[in-house]
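Visitor: If you scroll down you'll find the structure; I have some questions about it.
Values in this text are rule-based calculations from the coordinates and carry no lab data. From a predicted model like this one, the values you see are computed outputs, not experimental measurements. Here the Cβ positions follow ideal geometry from the backbone for every residue, glycine too, while neighbour counts run over all protein chains shown.
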Amino acid sequence: VASKIAYLIEQGAKPENILALAFNQKAAEELKNRVLSMVANAEDLNISTFHSFCNQFIQDNILNTKLNANFRVITETAQLVYLTKNINSFGIEHLEFNHEPYTLAEEMAKFISRCKDESVSPEDIEQYIGKREKEELDEEAQEDLNCLKDILKIYRAYEEYKLNNNLIDFGDMLCTVYNLLKSKPLILKRYQEK
């Protein structure tokens, strides 16, 4: 990737017009250092993590979102703490977790993260449940559906907690940027002109 970026700069691309994204801060710093060792005039190169880029993009376009300007990003640890401490208040009826709330909290955090990656909202799950309830299900399928209802309770409670506390998670950051770009293409054009 570093050699591709260096090539673009050598071919006349302005470093400030190049965006490179890495999965973590260490990788972003290493990439920038590699490019700087290949091309001297690349100080204005924008290399950041996905989440750092998304955070800045949201801040730059806050009026086009439903967020308050002082939103905070909830960490994975804080997610687990919230889910673990509140596991008994979600109204779980069918999920079994053998009184080990942390294990269930971890599984729910992974599930919610996967939902965000796939753009699956609580409303999508609710629609799926409604559709499945109209079908004739065997006992195992009915139990799976009942467990999904419990999962939906947890997902909804988590989303409400974030909303009430002006929080977003990493999945929200990616979804928000994606939805902004999808619904308002002029935002991308303005951003590219910076």
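Visitor: Given R₀ = 35 Å, what would the calculated FRET efficiency be for Asn68 paired with Glu139, taking r from the Cβ atoms and rounding to 0.05? Walk me through the intermediate numbers first.
Guide: Values: r = 46 Å, r/R0 = 1.32.
Once the sixth-power term is evaluated, E becomes 0.15.
Visitor: Take every Cα-Cα distance within the range 115-157, group them into 5 Å bins from 0 onward, and report for each bin the whole-number percent of pairs it holds.
Guide: So the P(r) values, bin by bin, are 6, 22, 30, 23, 13, 5, 0.
Visitor: Can you tell me the Rg and the Dmax, both Å, for the Cα atoms in the range 57-116?
Guide: Cα-based Rg and Dmax for the range 57-116 come out at 15.1, 45 Å.
Visitor: Output the relative contact order of the chain, whole-number percent, from Cα pairs under 8 angstrom with separation of 6+ residues. Walk me through the numbers on the way to the answer.
Guide: Working: 164 pairs, mean separation 47.4, N = 194.
Relative contact order of the chain: 24 percent.
Visitor: Given a Förster distance of 22 angstrom, what is the FRET efficiency for Ser52 paired with Ala13, based on the Cβ-Cβ distance and rounded to 0.05?
Guide: 0.50
Visitor: For the range 36-86, what does the equivalent ellipsoid look like in terms of its semi-axes, each the square root of 5 times an eigenvalue of the Cα gyration tensor, given largest first in whole Å? Working shown, then result.
Guide: On the way: eigenvalues 209, 66, 7 Å².
They are 32, 18, 6 Å, listed largest first.
Visitor: So, one more: Treating only the Cα positions of the chain as identical point scatterers, give the base-10 log of I(q)/I(0) from the Debye formula at each q in 0.09, 0.15, 0.17 Å⁻¹.
Guide: At q = 0.09, 0.15, 0.17 Å⁻¹ the computed log10 ratios are -0.48, -0.98, -1.12.
Visitor: By average Cβ neighbour count within 10 Å, what is the ranking of 57-66, 131-140 from highest down?
Guide: Averaged packing, sorted descending, gives the order 57-66, 131-140.
Visitor: Starting from the Cα of Lys116, draw a straight line to each of the aspartates and glutamates and keep only those under 20 Å, dropping any in the same chain fewer than 8 residues away.
Guide: Once the sequence-local aspartates and glutamates are set aside, what remains near Lys116 is Glu76, Glu106, Glu107, Asp124, Glu126, Asp150, Glu159, Glu160, Asp169, Asp172.
Visitor: Once you've got the Cα coordinates, tell me which of Lys66/Lys182; Lys85/Lys131; Lys131/Lys153 are over 22 Å apart. Write down the numbers at each step before the final one.
Guide: Numbers: Lys66/Lys182 15 Å; Lys85/Lys131 32 Å; Lys131/Lys153 17 Å.
Over 22 Å Cα-Cα: Lys85/Lys131.
Visitor: Run through every distinct alpha carbon pair of the range 1-86 and return the Kirkwood hydrodynamic radius in angstroms, one decimal place. Walk me through the numbers before you get to the answer.
Guide: Numbers: mean 1/r = 0.0665 Å⁻¹.
One decimal place: 15.0 Å for the Kirkwood radius.
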